[in-house]
Amino acid sequence: MINKQSLWFLTLFSLILVLSVYYITMPSELLFTDNGNLDDSDSTVTIEESELLTALRIESEDQRMSMINELKMILTNIEASIEEKNNAYEQLKLLDVLKGKEEMIEAKIKKEYDLNSFVKIDNDQVRVVIASDKHDTKLANDIMRSIQEEFDEKIYTSVKFQS
């Protein structure tokens, strides 16, 4: 006699098998277009980001994650004092605020200047890498001014153009 659990297993397994066979036998053109429309009038837009910007983001994210893990270890450590835990918590909040500010500045540069960028904030320094072949000092100055508007105190900003 087949119980309910076995019946459900056979039903789901059969469904997965049927969908797998259907997916494999589908024409590949249907997988890469929307709703099977094979018109030449359909165009796709591809947006590629500079490999350098991607590498910088990954490196920055790795550093940030290692710092977060260290701070979380302090927070969960039973032997850590209350003062150490408070400092670790404050640093975690600061890292979160800095990440948000970096993303906001990147979005601002994208919106105002239509440029892909990477922004890294360290203490009172802001490092900006722009993905562009064109090295324009006026553009760099404009970017530095718009970044300074986001801060109350004077900060050191560097803008670097990379292709």
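In table form, for the structure just shown:
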read-out: Which of M65, F118, V129, positive extreme of dipole for the chain (C-beta unit charges); value: M65
read-out: Kyte-Doolittle mean at least -0.5 and Cα axial length at least 27 Å: DSSP H helices in the chain; value: 4-25, 51-76
read-out: Alpha carbon centroid spacing (whole Å) that separates the stretch 54-80 from the stretch 110-126; value: 22
read-out: Least to most buried among T54, T137 (fewest other Cβ within 10 Å first); value: T137, T54
read-out: Listed residue (S20, A140, L75) projecting farthest to the positive dipole end of the chain, Cβ model; value: L75
read-out: Kirkwood Rh and Cα Rg combined as Rg/Rh, the chain; value: 1.22
read-out: Cβ charges +1 (Lys, Arg) and -1 (Asp, Glu), total dipole of the chain, debye; value: 380
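Quick note: the coordinates plus some simple rules give every number you see, no bench work behind them. Because the structure is predicted, anything quoted here is derived from the model rather than measured. Don't worry about glycine lacking a Cβ; one is built from the backbone with ideal geometry, like all the others, and counts go over all protein chains shown.
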